[in-house]
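Student: Mind having a look at this structure? Questions to follow.
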Amino acid sequence: MVRMGDRVTLSDVADAAEVHVSTASRALNVSSRSVVRPETVARVLAAAAELGYRPHPLARGLRTSRSDSVGVVIPDLENPLFGPIVAGIERTLVPEGCSVLIAAAGHHDEEEVVQSLVDRRVDGLILATAQRVDPVVEALSKASTPIVLVNRQVESVDVPAVVGDDQIGVRLAVDHLVELGHTTIGHVAGPSELSTGYGRRLAYEQAMHDYGFRVLVEDGLGFRVAPGEEATRRLLEREPSITAIVAANDLLGLGAYRTARALGRRVGTDIAITGYNDVAMLDLMEPPMTAVHINFRRMGTVAAENLLAQVGGTPAPSNSLLKPTLSVRASTTGD
């Protein structure tokens with residue numbers, strides 16, 4: 001049931017006509033209507049008229065282009081961070097009759113993965129894999145390929161990106177720890193070749209300078225648990241007086257948990273640990289992890305909207321910053 005005041009989407013028309021979204025899209029498109037049975041076309045047109053359906057102005061160009069598809073490249077299917085991003089992308093694009101092709105770079109060459117999607121003639125790309133200096137993104141930009149970065153930024157070329165505000169996010173974590181009385185605060189950093197690792201490290205260093213505290217950093221070799229364990233061990237062996245750790249993401253934070261316990265420290269009591277991203281189920285950890293929260297579903301939605309704008313001929317904003325919040329749990333309060 002469509003509520004008054006809501007924009008009628010293609011999926012609403014499909015539901016009313018009792019057909020798949022792709023069938024409704026073909027029936028409404030004059031150039032593809034001939035492949036749909038006449039009685040189905042009539043049913044879809046009647047449903048569209050009754051509901052008052054009008055094509056989304058930003059998506060109109062997308063649906064009349066070559067493939068009605070968008071490629072999404074993420075680094076890792078196993079990282080829970082990317083599920084909400086993809087959900088936001090699909091929630092925006094699928095109702096407009098657009099297919100979403102998802103590829104995980106993983107251990108594959110990013111250029112090969114992106115090229116495979118370009119070869120499928122996707123109408124645009126949403127990338128969560130970009131590095132701070134990224135020849136693949138630079139080539140796509142030079143070729144005028146519609147592209148939006150998500151959770152990543154590139155320094156060498158001006159490409160639209162949707163990211164969390166890491167300056168605010170890290171400062172929320174540090175301020176929280178200082179309010180609890182911590183003065184010796186370490187940072188388990190992410191890879192410096194990624195904007196998220198580099199930017200969060202800079203934000204931590206700035207916060208330490210502002211408070212007049214020492215900068216105590218160890219780099220993780222990846223945004224995963226094992227690098228978090230290794231970096232935390234180096235950090236605590238070098239500076240045993242550390243009472244709190246700001247991890248650059250939740251998986252690094254989980255690694256910090258494991259090392260702290262292995263060294264006989266109780267998380268939330270002997271040492272405070274904060275994560276970053278606030279992925280699902282952090283509240284089920286023991287103790288639950290305090291983390292900077294980013295609305296990644298919203299991030300995916302904004303990225304998809306910005307890509308639709310590009311494909312429709314409207315310039316997308318250079319950067320869309322999402323404001324983070326802090327989810328406070330027992331890993332810092334000891335409750």
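The values are calculated or read from the model by the stated rules, or taken from the named source; none is laboratory data. Keep in mind it's a predicted model, so treat the numbers as computed, not measured. For neighbour counting, all protein chains shown are included, and Cβ atoms are generated from backbone atoms with ideal geometry for every residue, glycine included. The accessibility values were calculated without ligands, DNA or RNA, using every heavy atom of the protein model including side chains. Shrake-Rupley method; radii C 1.70, N 1.55, O 1.52, S 1.80 Å.
Student: Conditions first: (1) of a type outside the set (Gly, Ala, Ser); (2) surrounded by 22 or more Cβ atoms within 10 Å (Cβ to Cβ); (3) within 30 Å of ARG238 (Cβ to Cβ). GLU179 passes all but one, so which condition is the exception?
Tutor: It fails just one condition, (2).
Student: State which residue pairs qualify: first residue over 29 Å from VAL157 (Cα atoms) and modelled with pLDDT of 95 or more and inside the stretch 318-335, second residue of a type in the set (D, E, K, R) and open to solvent by 50 Å² or more (accessible area, probe 1.4 Å) in any location, beta carbons under 7 Å apart, and separation of 6 or more residues or different chains.
Tutor: ARG329/ASP283
Student: Now for a different question. Any residue that is open to solvent by 10 Å² or more (accessible area, probe 1.4 Å), touching a Ser or Thr at 6+ places or on another chain (Cβ under 9 Å), under 18 Å from LEU93 (Cα atoms) and not hydroxyl-bearing (Ser, Thr, Tyr) - is there at least one of those in the stretch 282-289?
Tutor: no
Student: Every residue in the stretch 109-129 that is open to solvent by less than 20 Å² (accessible area, probe 1.4 Å) and either assigned to a helix (DSSP H, G or I) or touching a Ser or Thr at 6+ places or on another chain (Cβ under 8 Å) (or both), please.
Tutor: Selection gives VAL113, VAL114, LEU117, VAL122, ASP123, GLY124, LEU125.
Student: Restricting the first residue to the stretch 265-294 and requiring it to be closer than 16 Å to GLY255 by Cβ, which pairs with a second residue that is open to solvent by less than 10 Å² (accessible area, probe 1.4 Å) and among the aromatic types (Phe, Trp, Tyr) meet a Cβ separation below 6 Å and a spacing of at least six or different chains?
Tutor: Once the first residue is closer than 16 Å to GLY255 by Cβ and sits in the stretch 265-294, its partners that are open to solvent by less than 10 Å² (accessible area, probe 1.4 Å) and among the aromatic types (Phe, Trp, Tyr) give VAL267/TYR257.
Student: Picking from GLU155, GLU112, which residue would you name as being farther than 29 Å from ARG54 by Cβ and at pLDDT below 90?
Tutor: Numbers: GLU155 fails: at pLDDT below 90.
None of the others qualify; the one that does is GLU112.
Student: Turning to a different aspect of this structure: Say whether the condition of being in a loop (DSSP other than H, G, I, E, B), open to solvent by 10 Å² or more (accessible area, probe 1.4 Å) and small (Gly, Ala, Ser) is met by at least one residue in the stretch 258-275.
Tutor: As a first pass, look at the stretch 258-275 and keep what is in a loop (DSSP other than H, G, I, E, B): 263-266, 268-270.
Now drop any that are not open to solvent by 10 Å² or more (accessible area, probe 1.4 Å), which leaves 263-266, 268-270.
Narrowing further to those that are small (Gly, Ala, Ser): 264, 268.
Scanning the stretch 258-275 turns up at least one residue that is in a loop (DSSP other than H, G, I, E, B), open to solvent by 10 Å² or more (accessible area, probe 1.4 Å) and small (Gly, Ala, Ser).
Student: Could you tell me which of the residues ARG152, ARG132 is assigned to a loop (DSSP other than H, G, I, E, B), open to solvent by less than 60 Å² (accessible area, probe 1.4 Å), touching a residue at least 60 places away in the same chain (Cβ under 8 Å) and under 24 Å from GLY222 (Cβ atoms)? Outline the logic, then answer.
Tutor: Working: ARG152 fails: touching a residue at least 60 places away in the same chain (Cβ under 8 Å).
It is ARG132.
Table: residues versus (1) among the polar types (S, T, N, Q); (2) part of a helix (DSSP H, G or I); (3) open to solvent by 10 Å² or more (accessible area, probe 1.4 Å); (4) over 17 Å from LEU172 (Cα atoms).
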position: VAL188; (1), (2), (3), (4): no, no, no, no
position: ALA203; (1), (2), (3), (4): no, yes, no, no
position: ALA207; (1), (2), (3), (4): no, yes, no, no
position: PHE213; (1), (2), (3), (4): no, no, yes, no
position: VAL217; (1), (2), (3), (4): no, no, yes, yes
position: LEU221; (1), (2), (3), (4): no, no, yes, yes
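Student: Do we find that LEU149 is out of contact with any Gly (no Cβ under 9 Å at 6 or more places or on another chain) and at pLDDT below 90 in this structure? Even if it seems obvious, please write down each step before you answer.
Tutor: Values: out of contact with any Gly (no Cβ under 9 Å at 6 or more places or on another chain): yes; at pLDDT below 90: no.
The answer is no for LEU149.
Student: Continuing with the same structure: Got a number for residues in the stretch 276-317 being closer than 24 Å to ALA173 by Cα and either among the hydroxyl-bearing types (Ser, Thr, Tyr) or assigned to a strand (DSSP E or B) (or both)?
Tutor: So the answer is 6.
Student: Do you know which of the residues in the stretch 76-108 that are among the polar types (S, T, N, Q) and within 30 Å of ASP12 (Cα to Cα) is surrounded by the fewest Cβ atoms within 10 Å (Cβ to Cβ)?
Tutor: From the stretch 76-108, those among the polar types (S, T, N, Q) are 79, 92, 99; that's our starting set.
Next, from what is left, pick out any that are within 30 Å of ASP12 (Cα to Cα): 92, 99.
Values: THR92: 22, SER99: 18.
Ranking the qualifying residues of the stretch 76-108, first place goes to SER99.
Student: Six or more apart or on different chains, Cβ atoms under 8 Å: show the pairs whose first residue is in the stretch 94-106 and over 16 Å from GLY83 (Cβ atoms) and modelled with pLDDT of 85 or more and whose second is outside any strand (DSSP E or B) and among the hydroxyl-bearing types (Ser, Thr, Tyr).
Tutor: SER99/SER22; SER99/SER67
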